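The values are calculated or read from the model by the stated rules, or taken from the named source; none is laboratory data. This is a predicted model, so every value here is computed, not measured. A quick note on method: Cβ atoms are made from the backbone with ideal geometry, for glycine too, and the neighbour counts reach across all protein chains shown. For the accessible areas, the whole protein counts, side chains as well, though only heavy atoms, and no ligand, DNA or RNA atoms are used. Shrake-Rupley method; radii C 1.70, N 1.55, O 1.52, S 1.80 Å.
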Amino acid sequence: MTDDIISRHDVIAIGCGPFNLGLAALASTVDDLDLVVLEEQPELTWHRGMMFGNASMQVNFLADLVTLVAPGHPLSFLTYLHDMDRLYTFTVRENFFPSRREYEDYLRWAAARLPSVRFSHHVEEVRWDAAEECFTVLSVRGDGTRLRMTARNLVLGIGTAPYTPEALSDLPPSALLHTSDYVHRAADVSRAGKITVVGSGQSGAEVAADLLGRNLEGGPAVSWLTRTASFAPLDYTKMVLEMTTPAYMQYFHSLPEEVRDRLTREQWQFYKGISTDTLEEIHELLYRRQLEHGLAEVELRFGITVESAAVDPAGRTVLTCRHRDTGQLFEHITDLVVAATGYRNRPPAFLNPIDDLLLRDAGGRHQVRLDHSVELAEGVTGRVFVANAETHAHGVSSPNLDIGAVRNATILNAISGREIYRLPKRSAFTSFEAPPPAR
């Protein structure tokens, strides 16, 4: 089969979420770098299924696509506000945390100004051409045109996929939804007489808050079950945030694999907790319920593991649960389950032809260098970089938006072989390494 279009580039980035969009933004002001971003969706959308009207970002506006490495960049959030004639009112607002809706609008504004970003491009296959010393990317455009693109550098930024644990896998779609689809499944939520949220974290808490608001207005019964030892807050205190800095990521990367894995488990509260604002909102809703009568039941339980789920002959959804402190089993009856069970990295099928070239660690994960490139088999002279797929190598701050600009600057510097963007030399007051040994 003959491809219709052949083109050569320095960098091909696959996937257009905030991270690869930020890569395109930073690359747009580099004259001698040819970069394209391929995205299979027809337009940029960002967490539409959790786009509550009052939903706020958990990082401030400085954690945009570019500012932390290029504060004068024309695609900064401040430039967006100025372009939209909202800069003055944003200043008077005195709230540095944009709404999620405004952040998505900023991303779409930036994408519209980047001709390197190409939507409706489905990547089918990536191969390594040893003779030409480049990767070949085969894709299909929305109009059916086939494209063959080559580049020495790839950047994978396809994002993560909603994860539903095996314990809930036997439920039919009518009885189960993931938080990522919550807004889209509004009709199912409205019809249910009892709704159970399984899992906590920020998404689970926001869904719980929405359901409690509905309950307060005469809506469905609500249960919130989580296996964690409490409805735990995000630890966003300033000295703890030092462990989300580039300095800590560099230290984390230097540690042995087994130590990194242990730290990742221990640091769950840095990224799987609940914002204090959301916890306060939930408590206020629960307090207000005390002033009403005749409302449907509300139940909150932590330390609960859901071991299996099924629909009984009467059509009821039955969760078999275990109380973790006592080991006691019990059944929980509900109409609809909302899985607040997070996201997982998804292995893309288009990488299958080069899978044996991507080296893995003892846990089967890609070996990722400090510059975010994957260790490749001997003889492969190209490079494959990853964005938000290296928590095991760089720490729990890898998915954070505020690390995106620094990571992208690191990638562009590595590709170009020079310091296009100056990286922060000191991003933390804490010293993470061990001091020199005593003589």
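Sorted into 10 angstrom bins from 0, the C-alpha pair distances of the range 42-157 split as 11, 32, 27, 20, 8, 1 percent.
For the peptides 331-339, 143-151, residues were scored by their other Cβ atoms within 10 Å and the scores averaged per peptide; the highest-first order is 331-339, 143-151.
Each listed q (0.13, 0.21 Å⁻¹) maps to a log10 I(q)/I(0) for the range 175-306 from the Debye sum over equal C-alpha point scatterers, namely -0.64, -1.23. For M51, the accessible area of its heavy atoms, probed at 1.4 Å with every protein chain present, is near 40 square angstrom.
Rounded to the nearest angstrom and ordered from largest down, what semi-axes does the equivalent ellipsoid of the range 216-282 get from its C-alpha gyration tensor (root of 5λ)?
For the range 216-282, the semi-axes come out at 33, 15, 7 Å.
Per the Debye formula on identical point scatterers at the alpha carbon atoms of the range 308-439, with no solvent, log10 I(q)/I(0) at q = 0.10, 0.16, 0.21, 0.22 Å⁻¹ is -0.61, -0.96, -1.29, -1.36. Among 173-179, 38-44, 344-350, sorting by the average number of other beta carbon atoms lying within 10 angstrom of each residue, highest first, gives 173-179, 38-44, 344-350. Rounded to the nearest 10 degrees, what's the angle between the helix 100-112 long axis and the longest principal axis of the chain, both from Cα atoms, 0 to 90? Around 20 degrees separate the two axes. The distance separating the Cα centre of the range 207-274 from that of the range 289-337 comes to 23 Å.
If a spin label sat at a point 7 angstrom from the Cα of E125 along the line to its beta carbon, the backbone N atoms of the range 325-352 nearer than 16 Å would be those of 349-352. Here the Karplus relation 6.51 cos²θ - 1.76 cosθ + 1.60, evaluated at θ = phi - 60°, turns the backbone of the range 336-347 into coupling constants of 9, 10, 9, 7, 9, 10, x, 9, 9, 4, 10, x Hz, with x for every Gly and Pro. Working from label points 7 Å from Cα in the Cα-to-Cβ sense, the E433 to A187 distance is 6.0 nm. Sequentially through the range 350-364, phi angles give Karplus couplings (6.51, -1.76, 1.60; θ = phi - 60°) of 5, 8, 3, x, 10, 4, 6, 8, 8, 6, 10, 8, 5, x, x Hz, Gly and Pro residues having no value and appearing as x. For helix 201-216, what angle does its Cα long axis make with the longest principal axis of the chain, in degrees from 0 to 90 and rounded to 10? Tilt of helix 201-216: around 40 degrees. Dividing the summed helix terms, -39500 (n - 2.57) for each DSSP H run of n ≥ 4, by the number of residues in the chain produces a 222 nm estimate of -7000 deg cm²/dmol to the nearest 500. Dimensions of the chain along the principal axes, based on C-alpha atoms and rounded to the nearest Å, stand at 71, 60, 58, largest first.
Counting every C-alpha pair in the range 330-374, the share spaced more than 16 angstrom apart comes to 61%. Shown are E166, E281, whose ranking by accessible area with a 1.4 Å probe and every protein chain present, most to least, is E166, E281. At q = 0.14, 0.26, 0.28 Å⁻¹ the log10 of I(q)/I(0) for the range 369-439 amounts to -0.57, -1.28, -1.35, computed by Debye summation with a single uniform scatterer per C-alpha, solvent ignored. Oblate is the label for the range 143-245, because the ratio a/c of its alpha-carbon gyration tensor axes (a ≥ b ≥ c) is 1.5 or higher and a/b is not greater than b/c. The protection proxy used here, the mean number of other Cβ atoms lying within 10 Å of each residue, ranks peptides 223-229, 425-431 as follows, highest first: 223-229, 425-431. Using a probe of 1.4 angstrom and keeping all protein chains present, the accessible surface of the chain works out to 50 square angstrom per residue.
For V59, the accessible surface of its heavy atoms amounts to roughly 30 Å² (probe 1.4 Å, protein chains only, rounded to the nearest 10).
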